[in-house]
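Student: The following block contains the structure, expressed as structure tokens.
Derivation of every value follows stated rules applied to the coordinates shown; laboratory data play no part. Computed from a predicted structure; not experimentally measured. Cβ: placed from backbone, ideal geometry, glycine included. Neighbour counts: every protein chain shown.
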Amino acid sequence: MPKVKIPRKSTIVDMTAMCDVSFLLLTFFILTAKFKPQSIVAVDVPTARSTKAVDNAITITVNTEGKAFISVKEKSVRFAMLEKLTEFTGDHYPGIKGLSKEQMEFFSLCDTWGSPIEETKRITSMNGLEFKKYQEEQMPGIPCDSTNNQIGDWVMAARYATNGDIKIAIKGDKDSNVEYVKQVIKRLSEKDIHRFVLITSLAAPSGAGEVPATETPAEK
Amino acid sequence: MAQMETGGGGGGKHNGGVRSKKMSTRVDLTPMVDLAFLLISFFMLTTTLNKPKAMELNMPKKTDNEEEKQDVGECQVLNIMLDTLDQVWYYDGLKVAGLQKTTFAGDGGIRKEILRKLKAVPTECPPGKKWVDANKDKVKQPEEITMGPRDAIILIKMLKGARYKNMIDILDEMDITGCKIYAIQDPDPIEIEAVGNGGVVKEFAKEVVTN
């Protein structure tokens, strides 16, 4: 009597399709991932519990020496910001008036800016190498004294450029003197800007004081 | 790993003439898939973890308009001062003489004091009163109305040379304890002196403050 043959089925699964899918995903993630831009100003931000993300902001970076730098993510906003700044402060600072198209383009390619307004023309006519050296060695920061409130001018220009739809983020170094940050806040308060976001990074779960052991009475 | 050999290898059972082995053109893609998924997880994790976070800070606006001003009772206030040595100093209301020192430690530190204040103020402080001039036509006299229960107000004062990290820590503490009303101010000379003396307040200062 012939036995009923049970056809042997291979357990090999064709991996090609899975491979396709996974590489597709991989490419997608690689392409959409934005690497942390190489920041010229090294700042070690403090940790906090907050988990709100920052988007659409003009970031004022204050380093440990108290120098202030501004950065805006979108190139178009940077361009518009410079136009507005020229429009509003051109009479005050001759160094920004009459920038050529190339100079404005040059400005809008820099994601971090930290020079006095009156030097804009000189800096935007540097060549790549000169500018790199300038950025690394001698960028003086944006003046934010009570008599020379340029940081306020920049922020106002950014607000005009985006019709007020921009947040003002302050990024300070955790070990820097608080006076530097307070000074920036004070300068902006003079321009009637009272809402800020302070950039922090998410604390490690074991961080001191971060354990939510005590529930807030407000939540009960 | 993910598969089992079933076909019995390259067909070596048959004896006979030398046959060239039929090589399968199939390549085992399992390791490649493994690798791809490893990379995917790496990219997913690093991209989401690198985003900066932010904490909101609203500074008070200077105003001369009386109606925008808020009346603050002494018993509502908790003053917190932060110094250069990461220490936290605090006192209630105007009683600088009661200055005490604490730390940022999880439960026993300043958080305990903030929670105590938040709990005590609505029950212990008498509700505030406000003069309201409802119809501004001067026909009706302005009347005094009683406001609802008060909330604690925390005044944060950063002493000269304090680290920025401490400011973030105390603001974080406000978030953790759910404190709604707080402000960052400049310290008074009396407070600077008291902290400078290690918490000892001179006699004259006590008088000035309690008067």
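Student: For peptide A:47-56, what's the mean number of Cβ atoms from other chains within 10 Å of each residue's Cβ? Don't jump to the answer; show the numbers that get you there.
Tutor: On the way: counts 5, 11, 8, 8, 4, 5, 5, 5, 2, 0.
Per residue, the number of nearby Cβ atoms from other chains is 5 on average.
Student: Something else about it: Filter the cross-link list A:Lys121/B:Lys61; A:Lys84/B:Lys165; A:Lys84/B:Lys53; A:Lys174/B:Lys180 down to pairs whose alpha-carbon distance in this structure exceeds 31 Å.
Tutor: Check vs 31 Å cut-off fails for A:Lys121/B:Lys61; A:Lys84/B:Lys165.
Student: When the helix-only estimate is applied to chain A (DSSP H runs of n ≥ 4, each -39,500 (n - 2.57), divided by the residue count), what is the mean residue ellipticity at 222 nm, nearest 500 deg cm²/dmol?
Tutor: -11000 deg cm²/dmol, from helical runs alone.
Student: Between A:Phe28, A:Phe106, A:Phe88, find the one with the highest GNM mean-square fluctuation for chain A; connect C-alpha pairs within less than 10 Å.
Tutor: A:Phe28
Student: Another one. Report relative contact order for the range A:47-202 in percent, whole number only (criteria: Cα-Cα under 8 Å, sequence separation at least 6).
Tutor: Normalised by residue count, the contact order of the range A:47-202 is 35 percent.
Student: Can you give the convex hull volume per residue for the Cα atoms of the range A:47-202, as a whole number of Å³? The partial results should precede the final answer.
Tutor: Values: hull volume 17.6 nm³, N = 156.
Once divided by residue count, the hull of the range A:47-202 is 113 Å³.
Student: Run the simple label-point estimate for B:Asp175 and A:Lys9 please: 7 Å along Cα→C-beta, distance reported in nm.
Tutor: 5.4 nm
Student: Between 0 and 90 degrees, rounded to the nearest ten: what's the tilt of helix A:16-32 against the longest Cα principal axis of chain A?
Tutor: That works out to roughly 10 degrees.
Student: To continue, here is another question. Compare the peptides A:197-203, A:50-56 by average per-residue count of other Cβ atoms within 10 angstrom and give them in order, highest first.
Tutor: A:197-203, A:50-56
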